[in-house]
Amino acid sequence: MGLRQSLVAFSSVLCLWLGPGKTVLAGQPPLEESAVRKVIQQLVDGFNTRNADGIAQLYALDADRRDATGTYAHGRSEVAAMYKRTFQALPQDLRTRFEFSIRFLRSDVAIADGNYILSDGRTGPFTIITTKESGQWLVSAGRQGAAFP
């Protein structure tokens, strides 16, 4: 199991243990949390405008993603291709929004954990691990659960 997979597994257990609204690394500057929230909002905006290449730029070069179908992508180009396939399969007017909390494991690692809500009423879970690299917050790993009514 690689470092990124270990982080995802650890974060899942940690999120269950902590419960909603708790923080691992208390006292994170509001600016850091705001920067992570901005990345997550850019993901939402990219989805809603069908900008697969823009979404991929929010991911670290060696990031990975697993979508609701279980399909795996590694690296920005595969992430972009995954989103392009997703956008071709979805209705053009389908939009999303995210409800989530952020937990900092370290000053340079944060987990966004919550639900996505689709405009057709379906919802599903997601977890996004962001890391701060060279002063910029990027998605290092993303996991999306299946949407349900």
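Around L105, with a cut-off of 12 angstrom between Cβ atoms, what is the net charge of the other residues, counting Lys and Arg +1 and Asp and Glu -1?
Details: positive: R103, R106, K132; negative: D108, D113.
Summing Lys and Arg as +1 and Asp and Glu as -1 gives +1.
Size of the dipole of region 46-149 about the Cα centre, Lys and Arg at +1 and Asp and Glu at -1 on the beta carbon, nothing else charged, in debye to 20? Walk me through the intermediate numbers first.
Numbers: 13 positive and 11 negative charges, 19 e Å.
My answer is approximately 100 debye.
Could you give the alpha-carbon Rg of region 81-149 over 2.2 N^0.38 Å, rounded to two decimals? Write down the numbers at each step before the final one.
Numbers: Rg = 13.9 Å, N = 69, 2.2 N^0.38 = 11.0 Å.
Normalised Rg, Cα atoms only: 1.26.
Pull up all non-local amide H partners of A63: gap of 5 or more, or a different chain, and H-to-H distance under 5 Å with H placed in the peptide plane.
For A63, the qualifying residues are G75, R76.
Rounded to whole Hz and in sequence order, give me ³J(HN,Hα) for region 95-101 from the Karplus expression 6.51 cos²θ - 1.76 cosθ + 1.60, θ = phi - 60°, writing x for Gly and Pro.
10, 9, 9, 10, 10, 7, 10
FYI, it's all coordinate maths here, none of it is from the lab. Note that the structure is predicted; figures quoted are calculated from it, not measured. Virtual Cβ from ideal backbone geometry, glycine too; neighbours counted across all protein chains shown.
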